[in-house]
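Colleague: First the structure, which I've put down as structure tokens, then a few questions once you've had a look.
All of the numbers you see were taken from the coordinates with simple rules; none came from a lab. Remember, it's a predicted structure, so these values are computed and weren't measured experimentally. Backbone-built Cβ (ideal geometry, glycine too); neighbour counts: all protein chains shown.
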Amino acid sequence: MRDVAVVSFAQSPCEAANRRDDMAGILLPVIREALGAVGVDRDDVDFFASGSHDFFEGRTFAYIESLDAVGAWPPVSESHVEMDAAWAFAEAWSWLQLGEGDIALVYGIGRGSLAADLDQVLPAQLDPYFLAPLRPHRDALAGLQAAAMIDAGLTSERDLAEIVVRSLSAATGNPYAQKSGHLGVDQVLDAPYVSTPLREHDVAPVGDAAAVVVLAAGDAARRLGDRQAWVRGLDHRMDTHYPGVRNLTRSESTRVAAARAAELAGFGASEVDIAELHTEYSHAEPLLASALGLERTVVNPSGGPLAGRPVTATGLVRIGEAARRILDGRAGRALAHATNGPALQHNLVCLMSGEAAA
């Protein structure tokens with residue numbers, strides 16, 4: 001296995017709606033910031049990988065517009081995933097393992113505000129025979145999962161409110177968090193239900209933002225900074241598509257992905273200093289923490305998705321935020337988690353370390 005590290009991360013503020021700029025306009029400044037931080041030119045990048053979702057843009061091959069920010073001439077080696085850009089990160093990491101190049105740039109751009117009615121968009125990811133025709137609203141399955149967690153005694157509505165308050169207090173520079181960060185637990189509990197037992201602030205607000213991560217392998221990574229966030233283990237697994245045959249109080253795919261990542265890394269999730277979890281709903285934090293064994297780990301020190309969720313970039317932001325704390329010396333080991341699909345169906349775990357290779 002080649003040593004591959006995150007050497008740079010940048011993101012734009014997560015806004016409730018960005019109608020001023022097109023996809024390239026949102027993305028270009030973030031690419032420039034990420035590359036400029038390590039003194040890399042676009043021509044130095046060997047591979048570009050991206051994540052976005054045509055459904056939110058309302059058109060096919062929407063990601064092509066983002067290539068105006070990348071620059072497609074001279075021809076570049078490029079790939080795209082129609083899902084969260086954390087999986088584009090996994091592809092870029094695998095590509096670098098093949099030895100095809102030394103530097104990769106991964107970007108995600110989420111414009112969830114473009115969809116006129118997300119309740120018409122998100123059911124498209126559900127089973128097309130039984131669930132999609134029912135057109136459940138976007139938070140319905142999450143509410144069922146949260147209710148199952150509470151019924152099993154694994155959390156409570158007050159516990160969820162405390163997670164919300166902590167997350168919003170930790171977030172900085174985020175418009176939603178600045179507006180809502182002064183809330184107390186009782187105020188969160190006074191808010192109306194969105195999908196019982198989830199209230200307004202238990203649901204991550206959909207926003208528009210771009211995120212960029214620069215990966216480099218071996219000596220190239222060491223040249224690009226005094227400290228690197230080495231990707232020591234990465235894996236992703238899926239639970240069955242139909243949520244009705246799953247135990248919604250557990251995430252077996254997260255547990256298996258974490259175990260495999262630990263085999264590669266030589267250390268487990270319980271040994272990291274911080275963890276950035278893709279928690280689109282407050283109840284996901286105790287569920288994922290249990291699956292990962294995070295008993296004493298600081299979770300979502302950035303504030304996490306509850307302070308802003310740029311759809312299809314949220315998971316990549318978790319990787320970037322975890323790496324950032326290694327790059328600036330605030331953490332020695334970190335875990336990043338990303339999810340796709342209803343009720344935590346598909347989960348990715350990435351373990352990173354600032355330690356030099358053995």
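Colleague: Name the residue, out of 315, 207, 332, whose mean-square fluctuation peaks in a Gaussian network model built on the chain with Cα pairs under 10 Å.
Modeller: Among 315, 207, 332, the largest GNM mean-square fluctuation belongs to 332.
Colleague: Between residue 207 and residues 5 or more places away or on another chain, which pairs have amide H atoms under 5 Å apart, with H built 1.01 Å from N, and which residues are they?
Modeller: 112, 309, 311
Colleague: Now for a separate question. For each of 172, 155, count neighbouring Cβ atoms within 10 Å of the residue's Cβ, then give the residues from fewest to most.
Modeller: Least crowded to most crowded, the residues run 172, 155.
Colleague: Can you compute the helix-only [θ] at 222 nm over the chain? Use -39500 (n - 2.57) per DSSP H run of at least 4 residues, normalise by all residues, nearest 500 deg cm²/dmol. Don't jump to the answer; show the numbers that get you there.
Modeller: Details: 13 runs with 120 residues, N = 358.
Helix contribution divided over all residues of the chain: -9500 deg cm²/dmol.
Colleague: Here's something else I'd like to know. Can you put 274, 319, 64 in order, fewest other beta carbons within 10 Å first?
Modeller: On the way: 274 22, 319 34, 64 13.
Result, fewest neighbours first: 64, 274, 319.
Colleague: Output ³J(HN,Hα) for segment 301-309: one whole-Hz value per residue in order, computed from phi by the Karplus curve 6.51 cos²θ - 1.76 cosθ + 1.60 with θ = phi - 60°, and x for Gly and Pro.
Modeller: Whole-Hz 3J(HN,Hα) from phi for segment 301-309: x, 7, x, x, x, 5, 9, x, 10.
Colleague: Which value in Å does the Kirkwood hydrodynamic radius of the chain take, with 1/r averaged over all unlike C-alpha pairs and then inverted?
Modeller: Kirkwood radius, the chain: 20.2 Å.
Colleague: Show me the helices of the chain, taken as full DSSP H stretches, that run 15 Å or more along their long axis by Cα and average 1.0 or above in Kyte-Doolittle hydropathy.
Modeller: 23-37, 140-151
Colleague: Rounded to the nearest 5, what is the percent of antiparallel bridges among the DSSP beta bridges in the chain?
Modeller: If I count the DSSP bridges inside the chain, around 70 percent turn out antiparallel.
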